[in-house]
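**Student:** Submitted below is the structure of interest, expressed as structure tokens.
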Amino acid sequence: MTDLKNDTPLLDAAQLLLVYDKECPACNNYCQMVRIRESVGELQLVDAREASPIMDEITAANLDIDEGMVLKMNDQLYYGADAIHALSMISSRSGLFNRMTYWVFKSKRASHVLYPILKMGRLVLLKLMRKTKINNLKVTGNDRF
């Protein structure tokens, strides 16, 4: 495990969980392509539409999974723009996609500016596909994009 700021080791390699909407083609493609450094650990992809202990934890933390992906690392939840920033900091630099996402999202400020734009594209895409929301927080009337 590494400190996000300076790549210094924190812990032995660990399992990291990336929770996202697998039915979103954009999210699914991103999550399938992202690679993390082997020294950091193993990245496990979790479909947010499936019941799981991590989804229970996300819901208990009052995080709306329809509004952002979640990365669990070192028992900490990174949500939305913070998740994509954290992923960029631990990503492998191999391959054009991973180099590009590192350079775009290595800045926390850029991540917080760009993530809402990506989220808006996701919303439009899922609305066009007529997908339902995950609605893990069980908000009444919040079932459609």
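The values are calculated or read from the model by the stated rules, or taken from the named source; none is laboratory data. Model, not experiment: these values are computed from the prediction. When we count neighbours, we look across all protein chains shown, and the Cβ atoms used for this are built from the backbone with ideal geometry, even at glycine.
**Student:** If you take the residues of the range 109-145 that are hydroxyl-bearing (Ser, Thr, Tyr) and assigned to a helix (DSSP H, G or I), which of them is farthest from ASN29 (Cα to Cα)?
**Tutor:** Only one residue fits best here, namely SER111.
**Student:** Consider THR132 carefully, then state whether it is among the polar types (S, T, N, Q) and touching an Asp or Glu at 6+ places or on another chain (Cβ under 7 Å).
**Tutor:** Against the criterion (among the polar types (S, T, N, Q) and touching an Asp or Glu at 6+ places or on another chain (Cβ under 7 Å)), THR132 qualifies.
**Student:** Let me ask you something else. Would it be correct to say that ARG99 is within 14 Å of ASP21 (Cα to Cα) and in a helix (DSSP H, G or I)?
**Tutor:** no
**Student:** Quick one: which of SER88, SER92, SER107 is out of contact with any Asp or Glu (no Cβ under 6 Å at 6 or more places or on another chain) and touching a residue at least 24 places away in the same chain (Cβ under 8 Å)?
**Tutor:** Criteria check complete, one pass: SER92.
**Student:** Look through the range 17-42, keep the residues that are of a type in the set (A, V, I, L, M), modelled with pLDDT of 95 or more and assigned to a strand (DSSP E or B), and return whichever of them is surrounded by the most Cβ atoms within 10 Å (Cβ to Cβ).
**Tutor:** Across the range 17-42, the extreme among qualifying residues is VAL19.
**Student:** Which residues, taken from the range 112-142, are exposed (fewer than 13 other Cβ atoms within 10 Å of the Cβ), of a type in the set (A, V, I, L, M, F, W, C) and within 29 Å of TYR102 (Cα to Cα)?
**Tutor:** VAL113, ILE117, MET120, VAL124, listed by residue number.
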